[in-house]
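The values are calculated or read from the model by the stated rules, or taken from the named source; none is laboratory data. For clarity, every value in this text was computed on a predicted model and none was experimentally measured. Cβ placement follows ideal geometry from the backbone for every residue including glycine, while neighbour counts extend to all protein chains displayed. Remember, those area values only see protein heavy atoms, side chains included, never the ligands or the DNA or RNA. Shrake-Rupley method; radii C 1.70, N 1.55, O 1.52, S 1.80 Å.
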Amino acid sequence: DGGITQSPKYLFRKEGQNVTLSCEQNLNHDAMYWYRQDPGQGLRLIYYSQIVNDFQKGDIAEGYSVSREKKESFPLTVTSAQKNPTAFYLCASSRASGRNTGELFFGEGSRLTVL
Amino acid sequence: KNQVEQSPQSLIILEGKNCTLQCNYTVSPFSNLRWYKQDTGRGPVSLTIMTFSENTKSNGRYTATLDADTKQSSLHITASQLSDSASYICVVSENAGNNRKLIWGLGTSLAVNP
């Protein structure tokens, strides 16, 4: 079945360590996104990519990095520079941007806890 | 400041009953309005997407309405089921053709009790 797969679902990290969250989609979507969800706040955009080998910062990109070497994959690295990394991270994809942008399809999320 | 406000913050209803969730927004320019359902610990799932020219859109027992003049939307759930227990999030796009500019509400937490 087509969809978005995020891994791992749960991840624990010590302070000072980098960690990479995986996101793979087989929907043949051009655009992919990373969001962060915290209690009491709406989803916030970290990074997005509209095409392979290109990505743009979202609203809260500091302390994060991404790559888009393949259409299907958009991994997110949470670096030690991110001050409050404990959160629920969501990856999404959509068809290429157009006048009526396609709906977002989300993965199941990755919960990162910094010990 | 572009904002999306949802009410109520939380709601408890009995199985089989109907309910209506509200979304008010101040986003401008307006492109489209979306409702998502998010089960606890899982990713959001799209229910409806409406442009400014659409007044109502249904998806099974879910019916969304939009009044672009008053900048209000509602999500009506008919004959609720236990599986409807989730957070329902209203999202407004302020830029046509670009998911970059999405303003997310905080969601309404719905609990359906037997």
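Kindly check whether there is at least one residue in region B:25-42 that is touching a helix residue (DSSP H, G or I) at 6+ places or on another chain (Cβ under 9 Å), of a type outside the set (K, R) and either within 22 Å of A:D59 (Cβ to Cβ) or in a loop (DSSP other than H, G, I, E, B) (or both). Yes: one or more hits. Could you go through region A:2-18 and let me know if any residue there is surrounded by 15 or more Cβ atoms within 10 Å (Cβ to Cβ) and assigned to a loop (DSSP other than H, G, I, E, B). No. When the residues of region A:72-87 are filtered to those that are crowded, with 19+ Cβ neighbours inside 10 Å and part of a loop (DSSP other than H, G, I, E, B), the one that is farthest from the chain's Cα centre (by Cα) is A:Q82. Here is a check on your reading of the model: is B:G41 over 14 Å from the mean Cα position of the chain (by Cα) and either at positive phi or open to solvent by less than 30 Å² (accessible area, probe 1.4 Å) (or both)? It is true that B:G41 is over 14 Å from the mean Cα position of the chain (by Cα) and either at positive phi or open to solvent by less than 30 Å² (accessible area, probe 1.4 Å) (or both).
For region B:49-66, the candidate set comprises residues that are at pLDDT below 95 and part of a strand (DSSP E or B); within that set, the residue that is surrounded by the most Cβ atoms within 10 Å (Cβ to Cβ) is B:I49. Scanning region A:19-29 for residues that are open to solvent by 50 Å² or more (accessible area, probe 1.4 Å) and closer than 16 Å to A:L76 by Cα yields A:T20, A:E24. Taking the numbered list (1) within 24 Å of B:K101 (Cβ to Cβ); (2) modelled with pLDDT of 95 or more; (3) more than 11 Å from the chain's Cα centre (by Cα) in turn, A:C23 passes all entries but (3). From the list B:S31, B:S80, B:S74, the lone residue that is within 14 Å of chain A (Cβ to nearest Cβ) and either open to solvent by less than 30 Å² (accessible area, probe 1.4 Å) or closer than 27 Å to A:R111 by Cβ (or both) is B:S31.
Per the conditions (1) at positive phi; (2) more than 9 Å from every other protein chain (Cβ to nearest Cβ), the sole criterion not satisfied by A:G109 is (2).
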